[in-house]
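Engineer: The structure under discussion is supplied below as structure tokens; questions concerning it will follow.
The values are calculated or read from the model by the stated rules, or taken from the named source; none is laboratory data. Please read all numbers here as calculations on a predicted model, not as lab measurements. Quick reminder, even Gly has a Cβ in these numbers, built from the backbone with ideal geometry, and neighbours come from all protein chains shown. In case anyone asks, the SASA skips ligands and DNA or RNA and just uses the protein heavy atoms, side chains included. Shrake-Rupley method; radii C 1.70, N 1.55, O 1.52, S 1.80 Å.
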Amino acid sequence: MNHDHRPRKPAHGKGPGPKSRPAPAQPGIAELLLGFEGIEEAALEAAEPDREAGGILPAAISIGVTPDALGLHMLEFLAWAVGDMEEAGAAVHLHLEAPPPWENEPGRSLVASILVSARNEEASEKEALEEIRVEITEMTAFLRDMYESYWPMCRPGG
């Protein structure tokens, strides 16, 4: 994969012509979420084979929201958007967790994770990983559209 965003040279060694330039890359899910108001942390943990139980462990997008009204509104927005996707058949689920109060700073330890699995439980490892990749790509586009369309009415004072 070309991570430096420079056009690749074809095998014949000549640079790309004006019509063969790649389209600008769309942000990945973590980068997109980091641009949302009320989100201060976002990271993608890729899906991988479960060596102990077999199958595929889901991808997990961990999200830290700001400890204020904006973060709470964003969490509510994500619950709605991810829940809507799940109801439509996407293999996604919003999961919330926090350590016990004696092991954290109360009000600063809530972590939301969007878990993304393969829809077909019988898929091969390669097929399952591809399904998850496609699911994340579709979710990224959906969340971008929902944020642009509906976040203004969801934010505090909106």
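Engineer: When the stretch 96-134 is examined, which residues are found to be of a type in the set (S, T, N, Q) and more than 14 Å from the chain's Cα centre (by Cα)?
Structural biologist: Within the stretch 96-134, N104, S109, N120, S124 qualify.
Engineer: Residues E87, E52, E103, E76: which one is touching a residue at least 60 places away in the same chain (Cβ under 8 Å) and among the charged types (D, E, K, R)?
Structural biologist: Answer to the selection: E76.
Engineer: Checking P99 against (1) of a type outside the set (A, V, I, L, M); (2) open to solvent by less than 70 Å² (accessible area, probe 1.4 Å); (3) touching an Asp or Glu at 6+ places or on another chain (Cβ under 9 Å), which test does it fail?
Structural biologist: So P99 meets the others, but not (3).
Engineer: Another question, if that's okay. Considering only the stretch 102-129, state which residues are open to solvent by 80 Å² or more (accessible area, probe 1.4 Å) and either among the acidic types (D, E) or touching a Leu at 6+ places or on another chain (Cβ under 6 Å) (or both).
Structural biologist: Within the stretch 102-129, E103, E105, E121, E122, E125, E127 qualify.
Engineer: Could you tell me which of the residues L94, L75 is in contact with a strand residue (DSSP E or B) (Cβ under 7 Å, 6 or more places away or on another chain), open to solvent by less than 90 Å² (accessible area, probe 1.4 Å), farther than 25 Å from D50 by Cα and not acidic (D, E)?
Structural biologist: Matching residue, one of L94, L75: L75.
Engineer: Now, a different point. Restricting attention to the stretch 135-144, and to residues there that are open to solvent by less than 80 Å² (accessible area, probe 1.4 Å) and of a type outside the set (V, I, T), which single residue is nearest to the chain's Cα centre (by Cα)?
Structural biologist: Only one residue fits best here, namely M139.
Engineer: Another question, then. Checking the condition among the β-branched types (V, I, T), out of contact with any Cys (no Cβ under 6 Å at 6 or more places or on another chain), crowded, with 18+ Cβ neighbours inside 10 Å and at pLDDT below 95, which residue from I56, I61, I39 passes?
Structural biologist: Unique residue meeting the criteria: I56.
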